[in-house]
Structures are given as C-alpha cells and as structure tokens.
Amino acid sequence: MVYSTDQDAEGISIPNEVHPLLPEAHTHKTTAKTPYRNHIIALFAFLLLTEASNDIQIAPMTVIMESIICKNYYGDTNTINSTTTLDLADFSSSWAAADDRRCKIEPIQSELANVRGWQQLFECLASILVAVPFGFAANRCGRKVVLALAMFGLTLARVWIQVVCWWPEVLPLRISWLSAFFHLIGGGNLVVGSLIYTIMTDLTLPEHRASIFLFMNAAVLIAEMLVMPLAATLMRTNPWIPVNIGLATVALGSLITISILPETVHLQETESEDTEEERHSLSEGEDSGLFSGAKRALHSSKDLFRLISVSRETVALMIASTMTNMDRSSTPYFIQYVSKKFDWDISEASLLTSYRAALNLILSLVLLPLASHLFRTRLNMATEVKDLWLTRFSASVLCLGSALMALAPNLFFLVSGLTIFAHGYGLSALIHSLAASVVEPQHIVILYNAMSVAETTGDFISGPILSSTFSLGQRIGKEWFGLFMMVMAFFYLVATVAIFSIRARW
C-alpha cells in the first residue's frame with residue numbers, strides 16, 4: 001500500500017505504515033451505490049455540456065478581444081464595427097479578423113495576454129474567498145443547491161464579459177475583469193469542479209473510482225475535440241456565433257441537467273463526529289442561530305486545517321493540485337504562441353488543441369485504464385500504489401512536454417512536445433483518486449474542496465505569471481516566445497518532486 005492511517009486526537013486520519021490505508025469497514029463499500037448508473041450518466045452529461053460551452057468560446061473570444069485591442073491601437077473604426085454587428089461581409093474583409101497579421105505585433109499580443117491573465121487572477125481570487133464556506137454549505141445543505149448557485153454565477157460572469165465586448169466603444173475592455181464579482185455567487189469553477197468530483201465519489205465504489213475519474217476526463221476531452229473544430233469553422237463567418245452558442249449551452253444545459261442530478265449528501269457512508277454532536281445538541285434544543293452556526297464553521301475550518309497538515313502525503317497532494325489546471329489555463333497563450341511564432345491563423349492554431357484532445361482521449365479511455373489493469377493483475381499492485389505510479393508518470397511527462405514545446409525550433413518539435421505533454425492529462429483524476437484513500441469517507445468533500453482551493457490558487461498565481469512571461473518573451477525575441485512554457489515546465493517539476501516524495505510500499 002502507499003501509506004496507512006491512524007487517528008489523531010480529533011479523529012482525523014493520519015498516514016502511517018502499520019495499519020491499512022482505510023479501515024476495514026470502508027475498504028469494501030456496499031453495493032448500494034450500483035443503482036445510481038443513471039445519475040452517473042446525468043453527471044457526465046452535465047460535465048460534457050459545461051466543458052463544451054467553455055471550449056467553444058476560447059478561440060473566438062481571443063479573436064474578438066484581439067480585434068478590440070487592434071482598433072484601440074490603430075484607431076480603425078472599421079474593426080470595432082465588424083465585430084459588434086452582424087455584417088458578415090464587413091467582418092470577413094476587416095484587417096482585424098482572425099487572419100490579419102497587423103494584430104500580431106508585440107504591443108497588441110502583450111495587452112491581450114494581460115487582459116486574459118489578470119481576468120483569470122481576479123476570478124480565481126473571488127472563488128478562493130468563498131470556496132470554503134460554500135464547500136461546508138454543500139456538506140450541510142446539499143451538493144445540488146450549491147452546484148446550481150455556482151453555475152448561475154458563472155453564467156452571469158460570461159454574460160458580463162460578452163456585454164463588454166459587444167459595446168467596446170462604451171465599455172473599456174479591462175472592465176471585463178468585474179466578471180470576478182459574479183464568481184462570488186456560488187464559488188465559480190472552483191466549487192463546480194469540487195462538487196462534480198464529490199458527487200461522483202458519493203455515487204461510485206472505491207475500486208471503480210480511478211477509472212470513473214479518467215472517464216470524466218474523457219468527457220472533457222470529447223467536448224474539446226468536438227467543439228474546437230466547430231468553433232474554428234464558425235468563427236470564420238463571425239466569432240460571435242460560437243460565443244453565443246457557448247452562452248446558450250451553459251445556461252440551458254445547466255438548467256436542464258441540474259434539474260435531474262441527484263442529491264448525494266445522504267449517501268455518505270458514515271458521518272463525522274461533529275455532525276453527530278450537532279444533531280444531538282439540536283435535539284436537546286441548543287440554539288441553532290448565528291452563534292452556533294459560527295461555531296460549526298470554526299469547527300469545520302479546524303477539520304480542514306488538520307486534513308491538509310497532518311501528514312507529508314496530504315501536503316504533497318495539495319502542492320501537486322496547484323499545478324493540475326495549468327494545461328487548461330495556458331490554452332489561450334498556447335494558441336497565441338502558435339499563431340505568432342508559426343504565422344498561423346488563430347482558428348488554425350486552435351486545431352492543435354483538438355489534436356491534443358484526441359491524444360488525451362486515447363490516454364483516458366485506453367492507455368491509462370489498460371495500464372491500471374496490468375498493474376493490478378500482472379504486478380499485483382494495490383490500488384493506491386498503482387495510482388501513485390501513474391500519477392508520477394503523468395507529472396513527469398507534463399514537465400518534459402512543456403520544456404520541449406518551449407524550446408521547439410520548428411513545428412515538428414512543437415507537435416512532438418505536445419504529444420508527450422498530452423500523456424500527462426490524467427494527473428488531476430489520478431490525484432483525486434489517490435487523495436480519496438487518505439481520509440475517511442465523511443471527510444472527502446472537505447479534502448476535495450481544499451484541493452479545489454489549491455487548484456484555483458494555482459490558477460490565481462499562474463495567470464499573471466503566464467501572461468507576464470508571455471509578454472516578456474514577445475519583447476525579447478522570437479527564440480523566447482515559449483518562455484511561458486518553460487515556466488510551466490518548472491511548475492510541473494515542483495509537482496513531480498512533490499509526488500515522488502510520497503513513499504510507496506509493495
């Protein structure tokens with residue numbers, strides 16, 4: 001096994017090498033979860049719709065923002081009209097359309113990177129501020145209510161960004177950063193991601209968890225692989241078409257899917273001691289007002305602190321979690337990088353993300369499940385040990401692939417680096433599967449929420465760093481265009497070292 005657990009004085013599991021990783025009572029879940037197949041399918045559908053709505057907007061929003069910055073830089077009014085009206089002929093002939101080379105100069109590309117980078121930072125900060133309270137609310141009030149609230153906030157944030165881009169002659173582009181305020185409603189992507197993993201954990205058996213998480217990754221990849229070429233095709237007519245499709249998808253898809261998702265908070269196999277005490281106290285008539293609510297929040301915060309500090313393993317997983325979203329955070333910069341360095345249209349550069357998604361899909365559906373099966377059957381590895389070695393592999397190839405893409409002198413080396421990089425896509429799913437073995441079932445939602453905070457903290461830090469290093473590389477020269485990817489390679493190296501610090505026992 002990877003590591004095992006004792007109980008500290010507060011009842012939190014601490015890894016050691018004497019007892020089983022999880023108590024026997026938790027090693028074999030009951031088969032009561034097997035009837036939830038339809039709910040699992042509904043959750044997959046929800047994940048597919050939300051990811052598709054995001055992916056279809058990445059490239060066209062890059063074009064729209066680039067066009068606005070171009071207009072401001074050159075003072076060309078034709079640009080602004082072509083992106084905010086439905087005059088498709090004007091847009092096709094505009095020099096600020098996707099194939100215009102005058103928009104590829106360093107000042108415009110640097111400003112575009114700064115707008116996207118700081119927007120990511122502010123949105124991440126807003127999510128971090130409210131993630132822990134909403135995580136506790138999901139544990140007490142229900143996952144479904146908090147998930148619906150978070151999706152409502154995300155929809156409003158997208159509406160605001162599109163309003164700013166629709167009337168750039170009235171609203172400056174940087175005011176789109178105010179979309180971060182809408183992430184305070186429900187916690188944004190941070191809480192959504194945490195709850196998706198939590199609900200799936202509630203519905204699945206431990207022995208199937210890693211495979212299910214990889215299939216969740218596959219759903220994300222299917223969305224990316226299908227909608228990126230669609231977006232590239234539609235944006236040649238008008239970039240607002242895929243942008244509006246994305247908004248409609250996230251609004252209608254979330255409304256329909258959340259209405260059929262189950263409430264799974266009652267499926268936790270056991271309950272924490274503090275929950276038992278609260279129920280006992282309430283039954284005796286203890287005040288359940290603001291003061292007692294504050295005490296419960298404080299007690300839950302102590303649980304969270306203990307969960308992430310009681311062992312080297314949990315700390316290492318938290319460190320690695322901060323890097324897991326960097327591949328998606330860097331996608332807009334990657335598209336800009338390919339477009340500028342190899343003189344490609346943005347729509348053409350975005351097709352490389354579909355190539356990466358296809359490789360990721362093969363990895364998630366075939367290679368990793370096959371490796372997982374062989375490790376368990378041929379090498380007789382425990383589930384936790386198998387997950388650990390696969391996690392180490394994923395982090396290592398992300399580091400290597402990032403470095404190769406950063407230094408790529410031509411398209412061959414870029415695609416080679418991208419191919420290697422794609423084989424690390426399972427990192428997030430594997431870390432979540434590994435983390436589920438660290439604590440008791442009733443603490444999983446708290447740990448996953450803490451990991452989501454770590455992921456968003458990584459986004460918070462990486463946004464300005466990637467945008468500033470991208471801009472710096474633009475200023476230094478063509479050989480340094482990939483500087484932001486070298487920074488990514490360094491971050492993945494830190495994650496790799498953290499994961500290798502977790503000891504495995506055969």
**OP:** Mind telling me which of the residues GLY246, GLY186, GLY193 ends up being of a type outside the set (Ser, Thr, Tyr), part of a loop (DSSP other than H, G, I, E, B) and within 21 Å of the chain's Cα centre (by Cα)?
**Re:** GLY186
**OP:** Confirm whether MET225 is within 18 Å of the chain's Cα centre (by Cα), over 30 Å from THR264 (Cα atoms) and either surrounded by 19 or more Cβ atoms within 10 Å (Cβ to Cβ) or at pLDDT 80 or above (or both).
**Re:** yes
**OP:** Select from the range 322-365 the residues that are at pLDDT below 85, hydroxyl-bearing (Ser, Thr, Tyr) and assigned to a helix (DSSP H, G or I) and write down the one among them that is nearest to TYR492 (Cα to Cα).
**Re:** SER329
**OP:** Return the total of residues in the range 107-142 being out of contact with any Phe, Trp or Tyr (no Cβ under 9 Å at 6 or more places or on another chain) and over 23 Å from ILE476 (Cβ atoms).
**Re:** 13
**OP:** Among the numbered conditions (1) under 18 Å from the mean Cα position of the chain (by Cα); (2) surrounded by fewer than 24 Cβ atoms within 10 Å (Cβ to Cβ); (3) modelled with pLDDT of 80 or more; (4) not small (Gly, Ala, Ser), tell me where PHE421 comes up short.
**Re:** (2)
Original post:
Which residues, counting only those in the range 468-506, are closer than 16 Å to SER110 by Cβ, modelled with pLDDT of 80 or more and of a type outside the set (Val, Ile, Thr)?
Top reply: SER468, PHE470, SER471, LEU472, GLY473, GLN474, ARG475, TRP480, PHE481, GLY482, LEU483, PHE484
**OP:** Sort out which residues of the range 341-393 are hydroxyl-bearing (Ser, Thr, Tyr) and under 30 Å from GLU106 (Cβ atoms), and write them in order of number.
**Re:** SER347, SER350, THR353, SER354, TYR355
Subject >> Hey, LEU374 more than 19 Å from MET216 (Cα to Cα), at pLDDT below 75 and hydrophobic (A, V, I, L, M, F, W, C) or not >> reply: no
Original post:
Out of the residues in the range 457-488 that are in contact with a Gly (Cβ under 8 Å, 6 or more places away or on another chain) and of a type in the set (Ser, Thr, Tyr), which is farthest from GLY188 (Cα to Cα)?
Top reply: SER468
**OP:** Could you check ARG140 against (1) farther than 30 Å from SER372 by Cβ; (2) of a type in the set (Lys, Arg); (3) buried (at least 19 other Cβ atoms within 10 Å of the Cβ) and say which number it fails?
**Re:** (3)
Original post:
What number goes with the only condition from (1) of a type outside the set (Phe, Trp, Tyr); (2) free of Cβ contacts under 8 Å to residues at least 40 places away in the same chain; (3) surrounded by fewer than 20 Cβ atoms within 10 Å (Cβ to Cβ); (4) assigned to a helix (DSSP H, G or I) that SER394 does not pass?
Top reply: (3)
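The values are calculated or read from the model by the stated rules, or taken from the named source; none is laboratory data. What you see is a predicted model; the values in this text were computed from it and never measured. Every residue, glycine as well, gets a Cβ built from its backbone with ideal geometry; the counts of neighbours run over all protein chains shown.
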